[in-house]
Amino acid sequence: MNKSSMIQLAVALGAGFVVGGAIFAVWPGGSGAEVNADTSDSTNQSAGDHAADDGRKVADFTLPDLEGEPVKFSEFAAGRPFVITFGQTTCPPCVGQSLVFKKLESKYEDKVAFLKIYIGQEPAVAAAQVKQLKSKTKTLTDLRAEIYYRYGDRSVPVTLVGDSEGRIIVVKESMIPEAELVRLLDPLLAEKDA
């Protein structure tokens, strides 16, 4: 089994575990590797919801879209607030997040950059789901989950919301409901227009 298949299987099956506060994930070759030693969250946020109050910016990246064409994040976002979600076709909350994106894209039109990144999955598999959902969200693939592991390591979906300068405002390790995304995006748009 190749590395991409192992990552896909591990994420789909939730093949991670916690021992003494450290999160371990199954890696190719069957060994466990520590991913994140601190599972405690000392803030008042819900589990899986992390504010990036340090102003951390999305490190620019380039991934292929479903046609194999490279897409550079900074060029795609182009000074707009953004929402990126990492997911898989086998994940019901990921499908739910895609449906929320579909609704909000018509509301915000081109004012917000929505980006869906399928991790550990071949483009044809992702394309089949995109077609089934009739989604217009820009969709990329991260076969080795390299970009995903910058922001998440426990589950999918992982969703990032950020401002027009590329600063991450929220990283949430679960689906973000429509009302919550609107609550996050509206002030970012008002700030950009001010």
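Overview of values
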{"read-out": "Residues satisfying the stated conditions in the range 155-192, i.e. among the hydroxyl-bearing types (Ser, Thr, Tyr), part of a loop (DSSP other than H, G, I, E, B) and in contact with a Lys or Arg (Cβ under 6 Å, 6 or more places away or on another chain)", "value": "Ser164"}
{"read-out": "Residue in the range 176-191 that is buried (at least 17 other Cβ atoms within 10 Å of the Cβ) and of a type in the set (D, E, K, R) present", "value": "no"}
{"read-out": "Test for Lys107: is it open to solvent by less than 10 Å² (accessible area, probe 1.4 Å) and among the charged types (D, E, K, R)", "value": "no"}
{"read-out": "Scope the range 74-112; condition part of a loop (DSSP other than H, G, I, E, B) and of a type in the set (Lys, Arg); matching residues", "value": "Arg80, Lys111"}
{"read-out": "Filter result for Arg144 (in a loop (DSSP other than H, G, I, E, B), basic (Lys, Arg) and open to solvent by 10 Å² or more (accessible area, probe 1.4 Å))", "value": "yes"}
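Condition check ((1) more than 18 Å from Pro92 (Cα to Cα); (2) in contact with a helix residue (DSSP H, G or I) (Cβ under 8 Å, 6 or more places away or on another chain)) across all residues:
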position: Lys102; (1), (2): no, yes
position: Glu109; (1), (2): yes, no
position: Val112; (1), (2): yes, yes
position: Val125; (1), (2): no, no
position: Lys131; (1), (2): no, no
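The values are calculated or read from the model by the stated rules, or taken from the named source; none is laboratory data. Here the structure is a predicted model, which is why all the values come from computation and not from measurement. Methodologically, a virtual Cβ is constructed for each residue, glycine included, from the backbone with ideal geometry; neighbour enumeration extends over all protein chains shown. To get the accessible areas, we keep the full protein, side chains included, count just its heavy atoms, and leave off ligands, DNA and RNA. Shrake-Rupley method; radii C 1.70, N 1.55, O 1.52, S 1.80 Å.
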